[in-house]
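What follows is a set of notes on a single structure, which appears directly below.
The values are calculated or read from the model by the stated rules, or taken from the named source; none is laboratory data. These numbers were taken from a predicted model, which means no experiment stands behind them. We place every Cβ from the backbone using ideal geometry, glycine too, and count neighbours over all the protein chains shown.
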Amino acid sequence: MTSGFDHLKLTKEDAAMLDQLVDVGFDMEELEYLTPEDEARAKAILHMLGFLDAYPVEDASDTLIDATLARIDQYEAKRAARLQIHTPELETTKRGFRIRMPDLISVAAMILITVSVYAMLGKSARSQSINNECASNMAMVGRGLVNYALDHNGNTPTEQATDVASLFGGIIPERTDADTLAAEGYCDHNHLNCPGHGGEGRGFSYQTQSAETWNAIKSQGKVIFLMSDLNPILSKMLTNQKYDPLTPSPAHGFLGQNHLRDDGSIVSGAAPVVGGDLIWVLDGKKRGIDIFLTH
Amino acid sequence: MPVENEIRTDEELLTAHIDGDSSAFPELMDRYKNDLLHFLIRFVGTRAAAEDVFQDTFLQIHISAETFDPSRRFKPWLFTIAANKGRDWHRKHSKRTVLSLSQDIGGNGEGTRFVDLMEADQEMPDAQLLDSEQNDSIRNAVDQLPSHLREILLLSYFQQMSYVQIADSLQIPLGTVKSRLHSAVAAFSQAWQTANCEEDS
């Protein structure tokens, strides 16, 4: 970028003095060993630049911060509206998480990629099969969540996780209510399970957070992890037993685990996006909003 | 967890904002409202435009907060974003008059000499003693600088950012920062000189 002003330049000596002044934050007293000529030059530059201080400015008004906050609120409201699936003909009947429009092609592609990757890695066929079936089940749950959201003004079913309130300092947190999803026919009960752990009880774990934390997570606008393979150490945590926080999922031969995201996609395997091969707590990178999985 | 009543750093406030502390962002804005608004008024020329860009700047800070590296200083980041938003504003409102300099002071390879300027016929008044007409001359002299020179002049002089910080912030080579500041100072001197001559005549 050039302009009619770019050809203007200072003498070599003035430019050198200006550079020195920049280095000391325009504080001439910080300059040492100046010759009388240099001192006169520095004073002249500072005198000239001092006129910049006369540029008329005014302090901020009391309303500027309020106006800026209102602008941010407006932005957040618009963003939330964009993320919400619009079903204007239906009223909201239940409180829950908003879910984004899925890209089923992407989901299918990701599952295929998962299959290909694991095939290339040469993992055992049995573990591979379990992993694929697990991912497929999650994809069906994801599709069910999307369909449920379409019927419920963009919200997905939630439940109060009273059984793990002790891990939240007595506050009752919330998580996806997959049983309601299956009970209302949006997926099959068989889909709520990974074949890797024998199919007993609830087969997956669900991200569980206090209402306040959910709001914080959602306000960040990132893809949210809703569901994952079973947390292998939750029972130990609830009974105050010792546990290894780095315990990976044994569900499919320690191949890794699968995760369902709120855009309906599945992240599979030991994908680095969710912090390696850990299943029960996923580091939210620097900011530390962890994904906590309960069932 | 921060100790109650302890003054939080800018970086801590931003982190607190990301973590959902609703009081942190207003506090951060309050801390910089005058400094940033003054910078923007000088950069875009009017208070109304500066307030718009102020809002754009803090909205961008809010949107990009998670990308901020808390090991770095917040203030240079803030002014970098403000400068970018100010430049965007200039691009959208590019109907600007360009000062026509009556003499090519750089054309002969000698460049502008501050000593010459100081020894010119008209006396250089003290900045504190300028009347409103002269303040307008200062404003005109600054406003006629192209934005890419003006932003470097303001970041350097008012925010005391080093060449390295400016180069890092604006993603331009260090040598370009230097040459632009040299040009900006020379242009401002010349514009001020011209304005004074016109006023006297």
Give the number of residues within region A:25-60 that are within 50 Å of the chain's Cα centre (by Cα), exposed (fewer than 14 other Cβ atoms within 10 Å of the Cβ) and more than 7 Å from chain B (Cβ to nearest Cβ).
3
Looking at (1) modelled with pLDDT of 85 or more; (2) within 30 Å of A:ARG143 (Cα to Cα); (3) away from every other protein chain (no Cβ under 12 Å), which one does A:ALA119 not meet, given that it meets all the others?
(1)
For a quick check of your reading of the model, give me the residue pairs whose first member lies in region A:126-139 and is within 11 Å of A:LEU192 (Cα to Cα), whose second is at pLDDT 80 or above and part of a helix (DSSP H, G or I), with beta-carbon atoms closer than 7 Å and at least 6 apart or on different chains.
A:ASN137/A:HIS191
Looking only at region B:153-188, which residues are more than 10 Å from every other protein chain (Cβ to nearest Cβ) and in contact with a Ser or Thr (Cβ under 8 Å, 6 or more places away or on another chain)?
B:LEU155, B:ALA167, B:SER169, B:LEU170
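Kindly provide the set of residues from region B:67-92 that are under 11 Å from the mean Cα position of the chain (by Cα) and under 18 Å from B:ASN34 (Cβ atoms), ordered by number.
Of everything in region B:67-92, those that are under 11 Å from the mean Cα position of the chain (by Cα) and under 18 Å from B:ASN34 (Cβ atoms) turn out to be B:PHE79, B:ALA82, B:ALA83, B:GLY86.
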Of the criteria (1) more than 11 Å from the chain's Cα centre (by Cα); (2) more than 18 Å from A:ASP14 (Cβ to Cβ); (3) part of a helix (DSSP H, G or I), which one B:VAL142 fails
(1)
Pairing a residue in region B:52-81 that is aromatic (Phe, Trp, Tyr) with any residue that is surrounded by fewer than 20 Cβ atoms within 10 Å (Cβ to Cβ) and modelled with pLDDT of 90 or more, where Cβ atoms lie under 7 Å and the two sit 6 or more apart in sequence or on different chains, gives B:PHE68/B:TRP77; B:PHE74/B:ASP10; B:PHE74/B:GLU11
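To keep it simple, each residue is scored yes or no on (1) modelled with pLDDT under 80; (2) farther than 16 Å from A:MET138 by Cα; (3) outside any loop (DSSP other than H, G, I, E, B); (4) not assigned by TED's automatic domain parsing to the domain that holds A:ALA251.
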site	(1), (2), (3), (4)
A:ASN153	yes, yes, no, no
A:GLU159	no, yes, yes, no
A:VAL164	no, yes, yes, no
A:LEU167	yes, yes, yes, no
A:THR180	no, no, yes, no
A:GLU212	no, yes, yes, no
A:LYS222	yes, yes, no, no
A:MET227	no, no, yes, no
A:ASN231	yes, no, no, no
Do we find a residue being at pLDDT 85 or above, of a type in the set (Phe, Trp, Tyr) and not in a helix (DSSP H, G or I) anywhere in region A:189-209?
yes
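Pull up region A:158-168, narrow it to residues that are out of contact with any strand residue (DSSP E or B) (no Cβ under 7 Å at 6 or more places or on another chain) and touching a residue at least 40 places away in the same chain (Cβ under 8 Å), then point me to the one that is surrounded by the fewest Cβ atoms within 10 Å (Cβ to Cβ).
Here the answer is A:SER166.
Residue-by-condition table, conditions (1) at pLDDT below 80; (2) over 20 Å from A:HIS47 (Cβ atoms):
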site: B:SER132; (1), (2): yes, yes
site: B:ASP143; (1), (2): no, yes
site: B:HIS148; (1), (2): no, yes
site: B:GLU151; (1), (2): no, yes
site: B:TYR157; (1), (2): no, no
site: B:GLN165; (1), (2): no, yes
site: B:SER179; (1), (2): no, yes
site: B:SER183; (1), (2): no, no
How many residues of region A:14-24 are touching a residue at least 12 places away in the same chain (Cβ under 8 Å) and more than 7 Å from every other protein chain (Cβ to nearest Cβ)? The answer is 3
Inside region B:189-201, can you point out the residues that are within 7 Å of chain A (Cβ to nearest Cβ) and under 16 Å from B:ARG42 (Cβ atoms)?
B:TRP192
I'd like the full set of residues that are touching a Leu at 6+ places or on another chain (Cβ under 8 Å) and more than 10 Å from every other protein chain (Cβ to nearest Cβ), limited to region B:32-48.
B:PHE43
Among the residues of region B:24-45, are any free of Cβ contacts under 8 Å to residues at least 12 places away in the same chain and under 21 Å from B:GLN144 (Cα atoms)?
yes
Among (1) surrounded by fewer than 22 Cβ atoms within 10 Å (Cβ to Cβ); (2) farther than 15 Å from A:LEU49 by Cα, there is one condition B:VAL177 misses while meeting the rest; what is its number?
(1)
